[in-house]
Amino acid sequence: MRVLVTGAAGYVGATLVDAMRARPELGGRRIETLALADRSLDVVQGETAITGDLTEAATLQQVAEFKPDVVFHLAAVPGGASEANYVLGRRVNLDATLALFETLAQSGRRPVVVYASSIAVYGTQLPDPVTPSTPLRPPLTYGAHKLACEVLLADFSRRGLLDGRAVRLPGIVARPRSGAGLTSAFMSDALHALRRGEAFTCPVGPEATAWWMSARRCADNLLHAAMMDVPEADTARTWPLPVLRLSMREVINTCARLYGADRHELVGFRPIPDVEAVFGRYPRLDDASSRALGLRDDGSADALVRRALDETQ
């Protein structure tokens, strides 16, 4: 089996690559060759590096020549950065994705394509619960581009050109503390600070709720998505990843239980209305269809924090 990962140098991409290096198989089939695509990256012996921009003909030619059986498409400009730079966001999140889909469709191999979409497609002021029939009203350009690519992938699949599986990623933790253009970076920053016993100013209130998942569980779900049996009747080809719905108070209580009761005293709240409106009002999520296909959440708040901070095997 030949596997391609785009955005392989990113946080989720690198976590996914590590998982495949540790266990080079998918659904019982051996990964014979792993190709990593990004603007710059390091590969180990036996892997293929594809460097460059996916909108460039030379880069797409490398993809075509690799002839992947399975593709994990993770390359993206995150929400805050794409909102600040529309041209860059469109070029990477929309144009490059369409160019990749078209290149893969021309191979005649009908590869499996696992596309990392986002809960950013849902919008704000959501009903409780969010269901598969909830109208999608993305509040940012990033979410609009993700939604457009979900529709495009479903259409390529309908035409028999690709075997698409789009999964909507929730807040993934715990990213490095660079921010990397993510408005939701505070979710990861809180975990890092509280483990280290550092003060943290939270941009949402204590009762603000979000959908959480560790990067390691996310990687597990992406791998499972590539091999899961997709019902033919499910023409949308899109599923939300199962989540833990946690308030900031619950996350802080978990960190206090794991790392010391003094963690409560380290947190100050200074809510930013725009941040809380997008990342602090998530209701329940009806993810029954995703769970039926074998996708999973982290199990508990304790497990989430430990796995996010790489404290479990």
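Some notes on this structure:
- Residue identified as more than 27 Å from A148 (Cβ to Cβ) and touching a Ser or Thr at 6+ places or on another chain (Cβ under 8 Å) among A190, A199, A174: A174
- Filter pass, T141 being in contact with a helix residue (DSSP H, G or I) (Cβ under 8 Å, 6 or more places away or on another chain), farther than 20 Å from T235 by Cα and buried (at least 19 other Cβ atoms within 10 Å of the Cβ): yes
- Checked against (1) closer than 29 Å to A308 by Cβ; (2) touching a residue at least 60 places away in the same chain (Cβ under 8 Å), A154 passes all but a single condition, namely (1).
- Subset of the stretch 36-64 (residues that are among the β-branched types (V, I, T) and assigned to a strand (DSSP E or B)): T48, I50, T51
- Yes/no for A210 being under 21 Å from G143 (Cα atoms), in contact with a strand residue (DSSP E or B) (Cβ under 9 Å, 6 or more places away or on another chain) and in a loop (DSSP other than H, G, I, E, B): no
- Taking residues in the stretch 246-273 that are at positive phi and surrounded by 20 or more Cβ atoms within 10 Å (Cβ to Cβ), and partners anywhere that are at pLDDT 95 or above and part of a helix (DSSP H, G or I), not one pair has Cβ atoms closer than 7 Å while being at least 6 places apart or on different chains.
- Yes/no for E207 being in contact with a Ser or Thr (Cβ under 6 Å, 6 or more places away or on another chain) and either surrounded by 23 or more Cβ atoms within 10 Å (Cβ to Cβ) or over 18 Å from D274 (Cα atoms) (or both): no
- The stretch 25-69: number of residues that are over 21 Å from A116 (Cβ atoms) and buried (at least 16 other Cβ atoms within 10 Å of the Cβ): 1
Each row is one residue, and each column tells you yes or no for (1) over 25 Å from L152 (Cβ atoms); (2) touching a helix residue (DSSP H, G or I) at 6+ places or on another chain (Cβ under 8 Å).
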residue: R21; (1), (2): yes, no
residue: G46; (1), (2): yes, no
residue: D69; (1), (2): no, no
residue: H73; (1), (2): no, yes
residue: P78; (1), (2): no, yes
residue: T103; (1), (2): no, yes
residue: R110; (1), (2): no, no
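The values are calculated or read from the model by the stated rules, or taken from the named source; none is laboratory data. Small disclaimer: the values here were computed from a predicted structure and weren't measured. As a convention, Cβ positions derive from the backbone with ideal geometry for all residues, glycine included, and neighbour counts pool all protein chains shown.
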